[in-house]
Amino acid sequence: MKTTKTKYIVLKFWKISRITLLFCYSIFANAQDDYLKPYIPYDSCDFDSHPIINIKLWIHIIQKSAKVPKNLTIDSSKYLNQQYYWINSMYSNLKPPTLKNSNEIYYVKDSRIRFLIDTITFHADSIGWDRIKRIPEDNPNRWMKILSINKDSNSLEIAGIRDQFSMIKDSILIVNSLSNNGVYKIKKLVRKGPNTLLFIKSGYSISSDTSGYVSYYKKIDKNCHKDNWTKFTSENKDYIHVFYTGSSASVPTFGCGPSPYYLNISGIINGGGYASAQLTAHEIGHCLGLRHTNRPQFSDLPSSDKFGWLKCNTTSVSNNIMGYNTCRNYLSPLQIASIHYKYSNNKDLYRTIAHSDNNEKTVIKKPTVWNKNILAKQKILIKKNQSLTIQKQLIIPNDGVIILEKNSQLIIDNGKVHCPNIGWNGVENRSSKVKLFKKWCKNQKKDNIIFRNNGTIIY
């Protein structure tokens, strides 16, 4: 762990697991989502054609102040590691669905999505910390005129039908009054013709002075705002930025994931540890492109899913991570496939992926065809007398290389081999120990690199 002191503190974490090989047998039942078919990582799918996607996280702890943080502190690294251990366990050890879907696509245990803490930064900023607060409504056009006051019933009448106005159901502010200015707790609201009666709770006395207006505390909600992403990162797109914030309003732990590049989690110190991890897993799901399950996004989700902080069951409440339930331990195959499809087809999102180290490689030991976009490992070795056919995109990491042994072939059939970032090390002919440069590939002078149907290699 590395710690540096500037105007904030940065902690570094890296861990990428070793990957093994399996075989893949894919079954699919609905043509509506057929484009996702190649991206479902069934348990039988090998990890070369269906790799684990490791997504980099930059954690931002926004404290109310340095002296009174009201949030996680520099001593919270163990807590954060536990949070993301749980989150990664949710995504890697999914449970079967509690609700059946219509097309019976097979259950997938491991989403092959992981989240890696890259950096932790601490900021002391009261504005960035306060995501939900309540402030007095100071616009006179929104105030409600006091028409009469009844001291005996401890009530007042205001102009307009306001019995369903949520902002005054708990408390009100009386303003511009000669003797009643202040905050009053409300017992109940009752409609009275075109007007509304407000009954004040006992313990709050009010005079018969009818001057003034009723105002209220309005809610300022920045849960889904991008202001922290803009202020603290200049809208950096190399990570998913997780902002842990707070709230001056008395509300339960809450969050929002409106962007592929940032999310907000507020009041984490007020919630239970595992429940907070479930909330974070849910909001990260939004960042990955998943929607709530009350309106099914894909054909392998149940047609209805009851929302509320409810126990999952076999009749009405799913256990989906993207639902509102106390289980949150399932993702459907198409939900998972949509994430892999998205990150394999968007060069901007590719920047958020943590790539494998130089020791990771794919070995082609038999004729192989890749008919989906592939996020490649650092090295691809095509063994002697074998071939690899690329029919979509082969996305090479920085400094990646393709190695051809004697009489092996790389066939680009209507596909593209490229690196979205800085660059890669090209194709190496191991039998001659000489790299094949771009002009050789372009002119198709090498028998072991074959282009078909406008296939291309980009360096």
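All of the numbers you see were taken from the coordinates with simple rules; none came from a lab. From a predicted model like this one, the values you see are computed outputs, not experimental measurements. FYI the Cβ positions are ideal-geometry reconstructions off the backbone, even for glycines, and counts take in every protein chain you see.
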**Fill in**
Going through K361/K406; K100/K366; K306/K347; K145/K201 one by one, the pairs whose alpha carbons sit over 29 Å apart turn out to be K100/K366; K306/K347
**Asked** Which residues' amide hydrogens lie under 5 Å from the amide hydrogen of R131, considering only partners 5 or more residues apart or on another chain, with H built in the peptide plane?
**Response** G246, S247, S248
**Message:** In whole Hz and in residue order, list the ³J(HN,Hα) couplings for segment 272-285 that follow from phi through the Karplus curve 6.51 cos²θ - 1.76 cosθ + 1.60, θ = phi - 60°; x for Gly and Pro.
**Reply:** x, x, 6, 4, 5, 5, 4, 4, 5, 4, 5, 5, 4, x
**Prompt:** For segment 134-220, what is the charge dipole size about the Cα centre, in debye to the nearest 20, if Lys and Arg each add +1 at the Cβ and Asp and Glu each add -1 at the Cβ?
**Reply:** 340 debye
**Request:** Mind ranking 144-157, 106-119, 314-327 by how tightly packed they are, going by the mean number of other C-beta atoms within 10 angstrom, highest first?
**Result:** 314-327, 106-119, 144-157
**Prompt:** Could you give me the ³J(HN,Hα) list for segment 213-222, computed from phi with Karplus coefficients 6.51, -1.76, 1.60 and θ = phi - 60°, whole Hz, x at Gly and Pro?
**Reply:** 9, 9, 10, 7, 8, 8, 8, 9, 10, 10
**Fill in**
Of the convex hull enclosing the alpha-carbon atoms of segment 175-230, the direction-averaged projected area in nm² is 6.6 nm²
**Complete:** Note, segment 164-175: 3J(HN,Hα) by Karplus (6.51, -1.76, 1.60, θ = phi - 60°), whole Hz, Gly/Pro = x, goes 10, 7, 5, 5, 10, 6, 9, 7, 9, 10, 9, 10
**Prompt:** If you line up the long axis of helix 77-92 against the longest principal axis of the chain, both from Cα atoms, how many degrees apart are they, to the nearest 10?
**Reply:** 60 degrees
**Simple spin-label estimate for R452 and Y85 in nanometres, 7 Å along Cα-Cβ** = 5.0 nm
**Asked** What is the set of long-range amide H partners of T98 at a cut-off below 5 Å, with H atoms built 1.01 Å from backbone N?
**Response** N319
**Complete:** Taking R0 as 25 Å and r as the Cβ-Cβ distance between R191 and N294, the FRET efficiency 1/(1 + (r/R0)^6), rounded to the nearest 0.05, comes to 0.20
**Message:** Name the residue from P367, S318, N385 whose Cα lies farthest towards the positive end of the charge dipole of segment 286-390, charges +1 on Cβ of Lys and Arg and -1 on Cβ of Asp and Glu.
**Reply:** N385
**Request:** Report, by chain and number, residues whose modeled amide H sits under 5 Å from the one on D48, excluding near sequence neighbours (fewer than 5 apart, same chain).
**Result:** L22
**Request:** Considering Cα pairs under 8 angstrom that are at least six residues apart, work out the relative contact order of the chain and quote it in whole percent.
**Result:** 14 percent
**Request:** Kindly provide log₁₀ I(q)/I(0) values, in the same order as q = 0.11, 0.13 Å⁻¹, from the Debye equation applied to equal alpha-carbon scatterers of the chain.
**Result:** -0.96, -1.17
**Item:** Of every Cα-Cα pair in segment 57-101, the percent that sits beyond 15 Å
**Value:** 61 percent
**Asked** In degrees, nearest 10, range 0 to 90: what is the angle between the Cα axis of helix 333-345 and the longest Cα principal axis of the chain?
**Response** 70 degrees
**Asked** Under unit Cβ charges (Lys, Arg +1; Asp, Glu -1), what dipole magnitude, rounded to 20 debye, does the chain have relative to its Cα centre?
**Response** 960 debye
**Prompt:** Computed over the Cα atoms, what is the radius of gyration of segment 134-220 divided by 2.2 N^0.38 Å, N being its residue count?
**Reply:** 0.96
**Complete:** In this structure, among K37/K372; K64/K231; K377/K416; K56/K95, pairs with alpha-carbon gaps over 18 Å are K56/K95
